[in-house]
1. Pairs needed: first member in the range 385-400, assigned by TED's automatic domain parsing to the domain that holds residue 447 and among the charged types (D, E, K, R); second member anywhere, surrounded by fewer than 20 Cβ atoms within 10 Å (Cβ to Cβ) and not in a loop (DSSP other than H, G, I, E, B); C-beta distance under 9 Å; at least 6 residues apart or different chains.
2. Could you list all residues from the range 310-338 that are under 14 Å from residue 250 (Cβ atoms) and out of contact with any helix residue (DSSP H, G or I) (no Cβ under 8 Å at 6 or more places or on another chain)?
3. For the range 263-282, check the following and say yes or no: at least one residue is under 19 Å from residue 401 (Cα atoms), hydroxyl-bearing (Ser, Thr, Tyr) and at pLDDT 90 or above.
4. Exactly one of (1) surrounded by 22 or more Cβ atoms within 10 Å (Cβ to Cβ); (2) touching a Lys or Arg at 6+ places or on another chain (Cβ under 8 Å); (3) modelled with pLDDT of 95 or more; (4) aromatic (Phe, Trp, Tyr) is unmet by residue 164. Its number?
5. From the residues in the range 216-270 that are within 27 Å of the chain's Cα centre (by Cα) and part of a helix (DSSP H, G or I), which one is nearest to residue 309 (Cα to Cα)?
6. Given the options 385, 371, 403, name the one that is polar (S, T, N, Q) and more than 29 Å from residue 459 (Cβ to Cβ).
7. Looking at the structure I just gave you, is residue 16 surrounded by fewer than 20 Cβ atoms within 10 Å (Cβ to Cβ), touching a strand residue (DSSP E or B) at 6+ places or on another chain (Cβ under 8 Å), in contact (Cβ under 8 Å) with a residue 24 or more places away in the chain and of a type outside the set (Asp, Glu)?
8. Please indicate, with yes or no, whether at least one residue in the range 139-160 is in contact with a strand residue (DSSP E or B) (Cβ under 7 Å, 6 or more places away or on another chain), modelled with pLDDT of 95 or more, in a helix (DSSP H, G or I) and in the same structural domain as residue 31 (by TED's automatic domain parsing).
Amino acid sequence: MTDSRTQALQFASTHKDDFLSFLKELVSIPSISTDPEKKSDINKCANLIANKLTSVGIEHVQIIPTAGNPVVYGDYLHAGSDKPVVLIYGHYDVQPEDPIELWETEPFHATQKEDYLLGRGVSDMKGQFSSCISAIESILQTGEFPVNIKFALEGEEEIGSPSFHDFLIENKSLVQADIVVNPDAGMVSKDQPAIIYGLRGLAYFEVRVFGPNRDLHSGSFGGVVHNPAQVLCDLISGMHDADGKITLPGFYDSVHPISEQEHEELERLNLTDQYYYEQTGVKQIKGEKGFTSIERIGARPTLEINGLLSGFTGHGGKTIIPAKAMAKISSRLVPYQRPEQVHQQLIEYFKRSAPPTVDWEIEMISGGNPSISDINLPETKALASALETVWGVKPVYKREGGSISVTSDFQEILGIDSVLTGFGLPDDNIHSPNEHLHLPTWQKGIQALIHFFYNIPSKKEATS
């Protein structure tokens, strides 16, 4: 281990409280991208990050406007042309705190309870990108940085990154790099680090069914008017068959089978049905017949109902036939599927299945393509070695069930792959009340990232 690496690791160890203070400050800002009224908080968070990058020695820091929320950019390009350029991606926007009544602490006041820090966005993903900043600060404060680095931190990931695609096109030369490091993934457990090589895409829809021109008295019109809520429930029920397969026309046409090698690699994760019982509290696992739970999570597509709304939902009773019904529907996509295709398949399903007694419309709210990365990249091997150094075990490689649409944008626009990892845990309650981060794991992650940056080979070494 080089002296500079040792010094960086020691700096990180002695400045844990400083790193934690910055994370707490980040969490205190309600940078909710779904809420237009939080625009000032979005800008406040972007400014805080920009000031932090400048203070640790990152150069050319700027807050770049987009059609939506800004991107924070910065770079440090002093390692030489033979060293790769590593682009660090992250997002500083967070999910809404709802339902607020289920929080045990204030969602936007970072609260430490023993080994955990609680607050909205602490795991997804303010804790993750701040670990990169902390690792980089540790190196810059103790020596020369071993590779060239750039930052691109966006504020719209939680709403599907609608502006980031155009940002990459418009700023292609500015953000061009050899590899992307994206820490917006996570661990399998406290003792088992992971590297993510596959991400599902996303297609998100709002479906609306319309019946009468107003809410009707159910005593006067019940049995005569087809209830839009009932129609929507029937349509939703028909979207899956008895074996859990999705019935949209042509839905599986682009889905490739899981290879035997990949099946074996996924089995190594040892994520049994019992694991999912413990994580979710459900009584029984349900899913597509013929596949294991871990295959369903990462390697098979899904169609889920995210929300339903119709009629009277207040306290007490109100006997009506509602004029309309609405559902939020999302589909997680696997490689070779595309959001636009699923949109057309959903429309075709409604054309075939919706009765003539109602009208309907389908709006695609957002979409992102799935992606697969090469696990044999030099940078992936550098990360695997770093994780093993800190945790004492080899990382597992897995497909992630979630979606990070920008990963495919990096591939298609910049022509570069991503290395995906992270130090959140499956029970961090991301997108839910009482989101939290296990601080010892997070601190070990900072140490691993320091090793990672030092492990990355030069371009010549990578090709030899």
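1. 394/388; 398/265; 399/262; 399/295; 399/372
2. Within the range 310-338, 336, 337, 338 meet the criteria.
3. For the range 263-282, residues under 19 Å from residue 401 (Cα atoms), hydroxyl-bearing (Ser, Thr, Tyr) and at pLDDT 90 or above: absent.
4. It fails just one condition, (2).
5. The extreme case among them is 236.
6. 403
7. No: the conditions fail for residue 16.
8. For the range 139-160, residues in contact with a strand residue (DSSP E or B) (Cβ under 7 Å, 6 or more places away or on another chain), modelled with pLDDT of 95 or more, in a helix (DSSP H, G or I) and in the same structural domain as residue 31 (by TED's automatic domain parsing): absent.
The values are calculated or read from the model by the stated rules, or taken from the named source; none is laboratory data. Please read all numbers here as calculations on a predicted model, not as lab measurements. Here the Cβ is made from the backbone with ideal geometry for all residues, glycine too, and neighbour counts use every protein chain on show.
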